[in-house]
1. For region 48-84, name all the residues that are at pLDDT 95 or above and open to solvent by 90 Å² or more (accessible area, probe 1.4 Å).
2. Give just the number: which of (1) within 21 Å of Val70 (Cβ to Cβ); (2) open to solvent by less than 20 Å² (accessible area, probe 1.4 Å); (3) of a type outside the set (Val, Ile, Thr) does Pro17 not satisfy?
3. Could you say whether any residue in region 31-39 is exposed (fewer than 15 other Cβ atoms within 10 Å of the Cβ), free of Cβ contacts under 8 Å to residues at least 40 places away in the same chain, within 30 Å of Asp126 (Cβ to Cβ) and out of contact with any Phe, Trp or Tyr (no Cβ under 9 Å at 6 or more places or on another chain)?
Amino acid sequence: MLASPNYLKNAAPINTPQDLLNHECLVIRENDDDVTLWKLTNKKSGETTSVRISPSLMSNVGPVIKNWAVNGYGIMQRSEWNVLNEMKDNRLQVVLPEYTFPSADIVALVSSTRDKRPAKINAFIDFLKEHLSNNSTD
């Protein structure tokens, strides 16, 4: 979870997942997923906590949610790769760093017949599989 330093400076403390109930939460609406149920796992204990948040803003466009968070409108969940620049520039900060969200799959839409795909496509997919699995972080 991430929020801007300005939002965090002016908001109530966030020490536990339940504290999210008292905050502005920004949600990406995808498919028919239940985007109001946030499941967080404690990295140390492995215990999972579910929190039913009430989104203050919702969109189905990821960059919109990220811009809202950068501009101080609330807390969002995004993949680390999607917010690296904002984190490096301190435009977004991690909220509840001792917790993690469930992993999200990355899907490549290609022909299901490997031997009929160009070799460079197969090589690229193999590279991504190895690179992403070796460099994943919570």
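1. Scanning region 48-84 gives Arg52, Asn71, Tyr73.
2. Every listed condition holds for Pro17 apart from (1).
3. Step one: of region 31-39, the residues exposed (fewer than 15 other Cβ atoms within 10 Å of the Cβ) are 31-34, 36-37, 39.
After this cut, where a residue has to be free of Cβ contacts under 8 Å to residues at least 40 places away in the same chain as well, the list is 31-34, 36-37.
Among the residues that remain, those that are also within 30 Å of Asp126 (Cβ to Cβ) are: 31, 33.
Next, only the ones that are out of contact with any Phe, Trp or Tyr (no Cβ under 9 Å at 6 or more places or on another chain) stay: 31, 33.
There is at least one residue in region 31-39 that is exposed (fewer than 15 other Cβ atoms within 10 Å of the Cβ), free of Cβ contacts under 8 Å to residues at least 40 places away in the same chain, within 30 Å of Asp126 (Cβ to Cβ) and out of contact with any Phe, Trp or Tyr (no Cβ under 9 Å at 6 or more places or on another chain).
For every residue, the table says whether it meets (1) in a helix (DSSP H, G or I); (2) among the hydrophobic types (A, V, I, L, M, F, W, C); (3) within 13 Å of the chain's Cα centre (by Cα).
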{"site": "Gln18", "(1), (2), (3)": "yes, no, no"}
{"site": "Leu26", "(1), (2), (3)": "no, yes, yes"}
{"site": "Val35", "(1), (2), (3)": "no, yes, yes"}
{"site": "Leu57", "(1), (2), (3)": "no, yes, no"}
{"site": "Lys66", "(1), (2), (3)": "yes, no, yes"}
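The values are calculated or read from the model by the stated rules, or taken from the named source; none is laboratory data. Owing to the predicted nature of the structure, the values given are computational and were not obtained by experimental measurement. As a convention, Cβ positions derive from the backbone with ideal geometry for all residues, glycine included, and neighbour counts pool all protein chains shown. Quick note on the areas: whole protein, heavy atoms, side chains included, nothing else; ligands and nucleic acids left out. Shrake-Rupley method; radii C 1.70, N 1.55, O 1.52, S 1.80 Å.
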